[in-house]
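The next block holds one structure in the form of structure tokens; read it before the comments.
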Amino acid sequence: MEQPSAAPILFSSLNLDAQILRAIEEEGYTEPTPIQVQAIPHILEGRDLMAMAQTGTGKTAAFTLPLLQRLLPHASTSASPARHPIRALVLAPTRELAIQVEKSIETYSRHVPLRSTVVYGGTDIKAQKPALMKGVEILVATPGRLLDHVESKNLMLNQVQVLILDEADRMLDMGFMPDLKRILTLLPKQRQTLLFSATFSDDIKKLAQDFLVNPITVEAARRNATADNVQQSVILVEQDDKFQMLVEVMRSTNVKQVLIFTRTKLTAARVAKMLERAGIASDAIHGDKTQQERIKALDAFKESKITALVATDVAARGLDIDQLPLVVNYELPPNPEDYVHRIGRTGRAGASGEAISLVDSKEERLLKDIEKLLKRELPRQQMTVAPTTRAAVSPRPAKPATQPYHKKPAPVDDWFLKPYEPAPSAQKIEDQPAANTDKPKKQVGALLSGKR
Ligand code: AMP
């Protein structure tokens, strides 16, 4: 196992091309992150790699930068598709992660003539064909959709030199193993394989043994550890009081944005709806939403048009939101490793963040499992719901949504709106519509900033 060097390392010492360095500089990165320092030299040497990297550690750049460097000799401005065969394949378990990885690749490759695109399920396969037909050096894909394209003869994988498995543990959890095995049979045996994962189970190690040749192992953080810069705590609260506690947490932490995790799609939709009713601009992102709806909600959140994004674990992977200050676990995940992924959504790239879990008596077992994985007890926080918060939010949970989620919410009761009385100018700012809806937003800021 390699340890990061103590001396500060500069990007310029990593043997990357000036045009790649230029893109990094434009992104404002001043020095490589530990996983980048450790992984880049080995990838440049062509070694297979098994990287244990937490979410938010800069792992996408850790594989993309040396990948671009290795593909540079093939860079071509020719319009001929024959000059742009797929030379690198990045597999990701979820659409969100695939989209995000490809965005990063586009960013880092903006000054070199290497093309990339992304294909994922849930959208029209035909719309993805033209980009493939034009030719791309780097393809990011979710496994199922990749195989659909193979079947439709939209692409060839026989010139792939580098295979990257991102969030490999999740790919196993989501049952992608048969797809992965099939994809492997389509790739040249002589290739470089890089495996990235935030958590490393024995299954993953076995996968690495089967797929990788004599790999170097690098680790940017302790096994299954959570980011040190994320302050974690637990609030014990009964199920019926969770929603009020959530609003209290948002109000007392005074954050501008919060990512909330639930276990089920239904709860995600319900909590988002209840937040909207309480005047907090929100949307939900989960497996029942179309790809367009998910992208729209995520973009609205990234652009700060909505305050709260409520997500299930499927959405947890691949979300990269700059400066996200707070993650709330409305319900604990059944799989303790998902806790690590969830809270990795805050405290990214060195920023500090907070993760608060609302735990009811039925979840104590899950909490124990998480603490066992983390090898430490999470601090319990005492918090009571302020009477103003209690009065402001509906004491009864809204009925589970049976109708489409973005149906217009019921008008907010007057008695709730009255105490806040925002100034007309404040009203103007807060009334900006959220991306997913054309209805006016309500007195969010008033509640969150504690104005009473
Ligand atoms: P990732 O772990 O790839 O999801 O990256 C998490 C975040 O770190 C992204 O927002 C990147 O833009 C950012 N990032 C990656 N490398 C660096 C770096 N060397 N310095 C600062 N930020 C970085």
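The values are calculated or read from the model by the stated rules, or taken from the named source; none is laboratory data. Note that the structure is a prediction, hence the values are computed from the model and not measured. Neighbour counts run over all protein chains shown; Cβ positions are idealised from the backbone, glycine included.
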On the given criteria, is LEU97 within 15 Å of the ligand (Cβ to nearest atom) and within 18 Å of the chain's Cα centre (by Cα)? yes
What residue, of ALA51, ALA62, ALA79, is among the aliphatic types (A, V, I, L, M) and within 9 Å of the ligand (Cβ to nearest atom)? ALA62
Give me a count of the residues in the stretch 36-48 that are away from the ligand (no atom under 13 Å from the Cβ) and small (Gly, Ala, Ser). 1
Based on what the data block shows, is THR57 touching a residue at least 12 places away in the same chain (Cβ under 8 Å), within 11 Å of the ligand (Cβ to nearest atom) and crowded, with 24+ Cβ neighbours inside 10 Å? yes
Conditions: (1) surrounded by fewer than 18 Cβ atoms within 10 Å (Cβ to Cβ); (2) closer than 18 Å to ARG170 by Cβ; (3) modelled with pLDDT of 90 or more. ASP210 meets all but one. Number of the miss? (3)
When you check LYS103 against the structure, is it within 30 Å of THR312 (Cβ to Cβ), within 11 Å of the ligand (Cβ to nearest atom) and without any contact (Cβ under 8 Å) to a residue 24 or more places away in the chain, yes or no? yes
Given the structure, is VAL327 modelled with pLDDT of 75 or more, part of a strand (DSSP E or B) and under 23 Å from SER197 (Cβ atoms)? yes
I want to confirm something. Restricting to the stretch 74-100 and keeping residues that are without any contact (Cβ under 8 Å) to a residue 60 or more places away in the chain and not aliphatic (A, V, I, L, M), which single residue is surrounded by the fewest Cβ atoms within 10 Å (Cβ to Cβ)? THR77
Inside the stretch 88-168, counting only helices (runs of 4 or more DSSP H) that do not spill past its ends, which hold 1 or more residues that are of a type in the set (D, E, K, R), closer than 26 Å to PHE200 by Cα and touching a strand residue (DSSP E or B) at 6+ places or on another chain (Cβ under 7 Å)? 95-108, 143-151
Would you mind listing the strands (runs of 3 or more DSSP E) fully within the stretch 216-298 where at least 3 residues are more than 21 Å from GLU96 (Cβ to Cβ) and of a type in the set (S, T, N, Q)? 230-236
Of the candidates LEU132, LEU67, LEU114, LEU71, the one satisfying the condition of being within 16 Å of the ligand (Cβ to nearest atom) and either buried (at least 16 other Cβ atoms within 10 Å of the Cβ) or at pLDDT 95 or above (or both) is LEU67
Can you tell me which residue within the stretch 74-111, out of those that are closer than 25 Å to ASP148 by Cβ and hydroxyl-bearing (Ser, Thr, Tyr), is modelled with the lowest pLDDT? THR94
With the checklist (1) hydroxyl-bearing (Ser, Thr, Tyr); (2) modelled with pLDDT of 50 or more; (3) surrounded by 16 or more Cβ atoms within 10 Å (Cβ to Cβ); (4) not in a helix (DSSP H, G or I) in hand, flag the one item THR384 doesn't pass. (3)
Test SER109 against the stated conditions and say whether it is more than 20 Å from the chain's Cα centre (by Cα) and within 16 Å of the ligand (Cβ to nearest atom). yes
Subset of the stretch 8-35, residues assigned to a helix (DSSP H, G or I) and more than 11 Å from the ligand (Cβ to nearest atom), comes to SER12, SER13, ALA18, GLN19, ILE20, LEU21, ARG22, ALA23, GLU26
